[in-house]
Amino acid sequence: TQKLLPTRTKLNGYLTMQNKHTNHEYSFLELYDAVIVWADDRGIFEKATPLTQLSTTQEELDETIEATEYFMKHDDKIMDVVDGVGDITVTLIILCEMLGIDFVDCLRYAYYQIKDRKGEMVDGLFVKENEEIINLEYKDN
């Protein structure tokens, strides 16, 4: 049987990022700006390209898939999943900055694309109405 992921309430206890000196909880915008400064300080904007950044995103996605598979089997190491989602988000924020587009605008656009979407669940995947179902076979390593 598949284990349920913990609720957000359960995670809130140890996901709050705070400045250890001021006990200040960072807002999304403060974290967003901190990511941009971090990337700039490391020369990512100067030396990387959008395609190399997407390669990094793919690496982080692959790691997050592995962490999620482990968590689903063992109900352990949820923070590896949290770390992976955070790392993916960081890489996408940097990509957006490279391309001159706003990360929140991307999220807003995606939401407006899906908000009225209809479809059905097929083998654990949401399939949009009028979309062909593609059968993918996954093999365990």
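The values are calculated or read from the model by the stated rules, or taken from the named source; none is laboratory data. Keep in mind that this is a model prediction, so the values were computed, not measured. When we count neighbours, we look across all protein chains shown, and the Cβ atoms used for this are built from the backbone with ideal geometry, even at glycine. We work out accessible area using only protein heavy atoms, side chains counted, and drop any ligands, DNA or RNA first. Shrake-Rupley method; radii C 1.70, N 1.55, O 1.52, S 1.80 Å.
Roughly what would the spin-label model give for residue 26 and residue 75, points 7 Å off Cα along C-beta, in nm?
Taking the two extended label points, one gets 3.2 nm.
Just to confirm a number: summing +1 for Lys and Arg and -1 for Asp and Glu over residues other than residue 103 whose beta-carbon lies under 12 angstrom from that of residue 103, what do you get?
So the surrounding residues net to -3.
How would you rank 28-39, 88-99, 107-118, highest first, on the average number of other Cβ atoms within 10 Å across their residues?
Ranking, from highest mean packing down: 88-99, 28-39, 107-118.
Output needed for segment 58-118: three equivalent-ellipsoid semi-axes, defined as square roots of 5 times the C-alpha gyration tensor eigenvalues, in descending order, whole Å. Could you put the intermediate results ahead of the total?
Working: eigenvalues 138, 57, 13 Å².
Largest first, segment 58-118 gives 26, 17, 8 Å.
Tally up the carbon and sulfur contribution to the accessible surface of segment 34-130 as a whole percent, 1.4 Å probe, everything protein left in place.
55 percent
Starting from the Cα-Cα distance between residue 105 and residue 66, subtract it from 0.36 nm times their residue separation and give me the gain in nm to one decimal.
Here the segment from residue 105 to residue 66 would lengthen by 11.1 nm.
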